[in-house]
Amino acid sequence: MLRKILSLMFPVLVGAATMSAPASAADNTTENLMVVLRESVGANKADETLVPMGKAKVKLGDGQVVDFDTGWYSYLGDMHVRFVFDGPNSMPNAAPDDLKRLGLTPDAALELAVKNIKRVYGEPRTKPWNDLTEVYGKSPDFDSSYFLDKSFWTELLKKHPEGVVALVAKRGGLAYAPLSNQNAVEGMRKGVEYLHASSEKMRVSSALYLFKDGRWSVFQAPTAKK
């Protein structure tokens with residue numbers, strides 16, 4: 001039933017996506033809690049606070065209407081956060097009751113989840129990507145999650161106090177350039193829409209983001225969906 005409900009919800013809430021089977025009791029511990037970024041089609045949230053997306057009414061094939069609490073949180077721009085339990089063959093979503101069971105607020109869960117990603121898949125690494133710098137780890141599934149690693153971006157500000165501009169167009173595609181690098185930033189402005197659209201089911205955000213003064217803001221608004 002859970003998979004059926006979610007398959008019907010995705011076109012309304014976030015576009016094409018996939019969902020793993022529910023976590024087993026052995027998987028849903030604090031050590032396995034991680035976090036991913038996913039697209040919220042048509043959204044453009046101005047600040048990076050976590051806001052519960054709440055319940056949605058879903059009409060099943062048999063006509064039955066049910067309420068389902070996604071356990072997802074609106075984050076920034078056209079992105080939302082999902083807490084997941086990392087497993088060898090699946091990445092099941094954490095339900096709202098899971099955070100209560102683990103004694104975690106959403107903000108505390110986010111901090112823990114990022115620490116777990118770095119513990120298991122390494123600190124964020126960087127490499128040149130044309131005029132940009134790509135950020136990645138040991139698993140492409142979590143590359144975009146390094147967007148949430150405030151310590152990494154804060155360290156970058158020591159070299160680039162003017163701020164850094166980032167795109168997170170797809171799950172395995174997180175990149176940035178200093179705000180002062182006008183050519184790179186202009187290339188991001190022109191290229192993010194194509195990179196996002198061409199990523200199909202792996203896409204995350206069509207916006208650009210600025211990290212400055214210890215926080216993220218929307219630098220270029222998401223592409224308006226027609």
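The values are calculated or read from the model by the stated rules, or taken from the named source; none is laboratory data. Everything numeric in this text was worked out from a predicted model, so none of it was measured. Cβ sites come from the backbone with ideal geometry, for glycine too, and all protein chains shown count toward neighbours.
Worth pointing out:
- The sole residue among 151, 145 that is of a type in the set (Gly, Ala, Ser), under 20 Å from residue 43 (Cα atoms) and not assigned by TED's automatic domain parsing to the domain that holds residue 47 is 145.
- Residues of region 95-112 that are touching a helix residue (DSSP H, G or I) at 6+ places or on another chain (Cβ under 8 Å) and not polar (S, T, N, Q): 99, 102, 104, 106, 109, 110, 112.
- Qualifying positions in region 65-92 - in contact with a Ser or Thr (Cβ under 7 Å, 6 or more places away or on another chain) and either within 26 Å of residue 45 (Cα to Cα) or not small (Gly, Ala, Ser) (or both): 74, 77, 78, 79, 80, 91, 92
- Within region 1-57, being buried (at least 17 other Cβ atoms within 10 Å of the Cβ), modelled with pLDDT of 90 or more and either small (Gly, Ala, Ser) or part of a helix (DSSP H, G or I) (or both) holds for 32, 40, 43.
- Residue tally, condition touching a residue at least 24 places away in the same chain (Cβ under 8 Å) and closer than 21 Å to residue 47 by Cβ, over region 100-111: 4
- Residue 205 vs. criteria polar (S, T, N, Q), outside any loop (DSSP other than H, G, I, E, B) and under 23 Å from residue 45 (Cα atoms): no
- Taken as a whole, region 61-79 holds at least one residue that is assigned to a loop (DSSP other than H, G, I, E, B) and aromatic (Phe, Trp, Tyr).
- A Cβ distance below 6 Å, combined with a sequence gap of six or more or placement on separate chains, defines the contacts here; from region 192-204, residues that are closer than 17 Å to residue 165 by Cα reach residues that are in a helix (DSSP H, G or I) in the pairs 204/144.
- The condition of being touching a strand residue (DSSP E or B) at 6+ places or on another chain (Cβ under 9 Å) and closer than 19 Å to residue 80 by Cα holds for residue 202.
- Among (1) in a loop (DSSP other than H, G, I, E, B); (2) under 18 Å from the mean Cα position of the chain (by Cα); (3) modelled with pLDDT of 95 or more, the one test that residue 192 misses: (1)
- Every residue from region 112-129 that is in contact (Cβ under 8 Å) with a residue 12 or more places away in the chain, more than 14 Å from residue 148 (Cα to Cα) and either β-branched (Val, Ile, Thr) or assigned to a helix (DSSP H, G or I) (or both): 120, 121
- Criterion applied to 167, 174, 157 was being surrounded by fewer than 19 Cβ atoms within 10 Å (Cβ to Cβ) and either among the hydrophobic types (A, V, I, L, M, F, W, C) or in the same structural domain as residue 44 (by TED's automatic domain parsing) (or both), and the one residue passing it is 157.
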